[in-house]
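What follows is a set of notes on a single structure, which appears directly below.
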Amino acid sequence: MGIRVFSTLLLLSVCFMVPAYGQNALSVFLDCDRCDEDYFRREIDYVDYVRDRTLSELHILVSLRRTGSGREYTINFIGREQYSALTDTLLYSSSNTDTDDERRRGLVKTIEHGLVRYLARSPGAQYLSIVYEPPSAGIGTEPVVDKWDFWVFEIGTNGFYSGEQSTSAFRLGGDVSASRVTDEWKLRLRAFGRYRESNFDVDDSTITSILRNGELGALAIKSVASHWSVGAFSELRTSSFNNTTIGFNISPAIEYSYFPYGESSSRELRFSYFLDLRANRYDEVTIFEKTSEFIMRHEFQIELELEQPWGEAEASLEVSNYITDFTESKLDLYNIELGGYIEFRVARGLSVYTSGSISRVNDQISLPLAEASEEEILLGNVRLPTSFQYGFSLGISYTFGSIFNNIVNPRFGS
C-alpha cells in the first residue's frame, strides 16, 4: 500500500467522459461521514455511486483527524472484485482558515488523483484523459519558512438572548486558544468562560437561575518513540455547578500506544496513566465538611478506536481514585467508567449501531453539605449525589432497492 501526499502545487486534471449508469462506469461506495456527498456526485460524475460497499468495485473510506493547524483527511482506496489487488492511501490537509468549500474542493481533487489507477484499468479507460499543469517557475523550489513557528491562535465569543411573556434566557461565552503541534511536541493553551442566566415569572415573583464556569488549561506532550509519549497537564477552573470557587491541578502523565501513532487514522489502542495533584476552594461547605483542600488523585485509561471498511468502533475504560490517606485505604474515593460505541455493517444494506456507558461513582468530593432546594434540582443548577450513572442507545437501519445513488436533486432542500 502506498501513501502519497499531494500539495496544492500539483495541478492534475482528470477527464472521464462516460454516460451516467453506463456499463463502463466504475461502481464506487463513498464512505465519508463528514463529506458533502451531493457536491462529490456533481463534481465526480463519471462513476456510479452505489449504496453499499458490497455492491461496489471500489470502496473509498475517508477518515479525519485534527492537526495543529487544521485537519488531515486519510483517504483509503480499497479495491473490490476485479480490483481487489489494488489498494492505496492518499492524504489531504486543510488549514483552520479554509472554508468548507475550499475543503471539499481539495478533497474532490485528491479523490480524483486516487481514482486514476482504477479508471485506467476499467472498461471505460478509453474515455480517460489526464492533464498535468506544472507549477510556475520558482514555486516550490524555495524552502518554506513558517514565521509563526507552527503556532496557531484562535479567539472567539458568542452570545444568546431569548424570551417569552414569562421567561427569558441569556448566555455569554468566550474562548482563547494557542497551540503548536509538531512530530516531537504538542503544546496547547486554552481559556474559556461561560455565563448563563434564566428568569422565570412564577405567581408574583421571579425565579433566577445562574450558572457560571470557566477554565484556563495547558498541556505539553513529548513524543518519546513510535509507541510512547509523556506529558503534563494543568488546569485552573471555576464552576458553580460543581460547587467550586476556584480549583487548580497539575498532572504528569505517560502513555503507551499498542499500534504505532502513525496508524491513528484507522486504529488506536492507548494505555494512559495520570497522577493528579489538586487544590480546591469551595463555594459551600462540602459533605466532608471542607471549604478547601489539597488532594491527590490518579487515573488509568484504556481507549480503543477503530475505523475500518466494516464500520467503526470506540471503547474506553477509566479507573480513578483519590489518595486520601497513605496509611489506610487508598481506594475509598473512586470512579470506574466503561463506555463504547459501534456501528457495524452486518450485511448488504443492513447496519446496526449501539452506544452505551456505565459508571460507578464514589468520588463526589465537592458536593455541598446542605441539601439542594427544589428550585435548584428542577433548574439543574447543582450536581446531585449519585452512586452510579448509565446511558444506552441502540439502532438499526436497512436500505434496499436501486443500487445506484448518482442523482442530486436539491428542490425543496435535502
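Taken together, the values in this text are just the output of simple stated rules run on the coordinates, not laboratory data. Quantities reported herein were computed from a predicted structural model and do not represent experimental measurements. Here the Cβ is made from the backbone with ideal geometry for all residues, glycine too, and neighbour counts use every protein chain on show.
What share of the DSSP beta bridges in the chain is antiparallel, in percent to the nearest 5? Around 95 percent antiparallel, to the nearest 5.
Summary of the geometry: region 249-307 and region 81-103, compared by the centres of their Cα atoms, lie 33 Å apart. Taking other residues whose beta carbon is less than 12 angstrom from the beta carbon of Thr291, and scoring Lys, Arg as +1 and Asp, Glu as -1, yields -2. For Glu72 and Ser351, the difference between the fully extended length at 0.36 nm per residue and the C-alpha to C-alpha distance is 97.7 nm. Rounded to the nearest 500, the helix-only mean residue ellipticity at 222 nm of the chain stands at -2500 deg cm²/dmol, with each DSSP H run of n ≥ 4 adding -39,500 (n - 2.57). Modelled spin-label separation between Ala169 and Ser397, with each label point placed 7 Å from Cα along the Cα-to-Cβ direction: 2.8 nm. Which residues does the label zone of Arg281 cover in region 234-273, counting backbone N under 16 Å from a point 7 Å along Cα→Cβ? Flagged as within label range: 236-240, 243-249. Please name which of Leu115, Ile302, Leu369 has its Cα lying farthest along the dipole of the chain towards the positive end, using unit charges on Cβ (Lys, Arg +1; Asp, Glu -1) and the Cα centre as origin. Ranked along the dipole, the leading option is Leu115.
Ranking Asn381, Ala220, Gly156 by how far each Cα lies toward the positive end of the dipole of the chain (charges on Cβ) leaves Ala220 at the top. Over the chain, Cα pairs under 8 Å with separation of 6+ residues give a relative contact order of 11 percent. With all pairs of separate Cα atoms included, region 73-218 yields a Kirkwood hydrodynamic radius of 21.5 Å. Does anyone have the angle between helix 100-119 and the longest principal axis of the chain? Alpha-carbon axes, 0 to 90°, nearest 10? Tilt relative to the chain: about 40 degrees. For log10 I(q)/I(0) by the Debye sum over Cα atoms at q = 0.09, 0.12, 0.13 Å⁻¹, the value calculated from this model appears in [x] -0.55, -1.00, -1.17; [y] -0.80, -1.21, -1.31; [z] -0.66, -0.95, -1.04 under label [y].
Taking the charge dipole of the chain about its Cα centre, with +1 at Lys and Arg Cβ atoms and -1 at Asp and Glu Cβ atoms, the residue from Ile60, Phe241, Ala313 reaching farthest to the positive side is Ile60. Going from the residue with the fewest nearby Cβ atoms within 10 Å to the one with the most, His227, His59 rank His227, His59.
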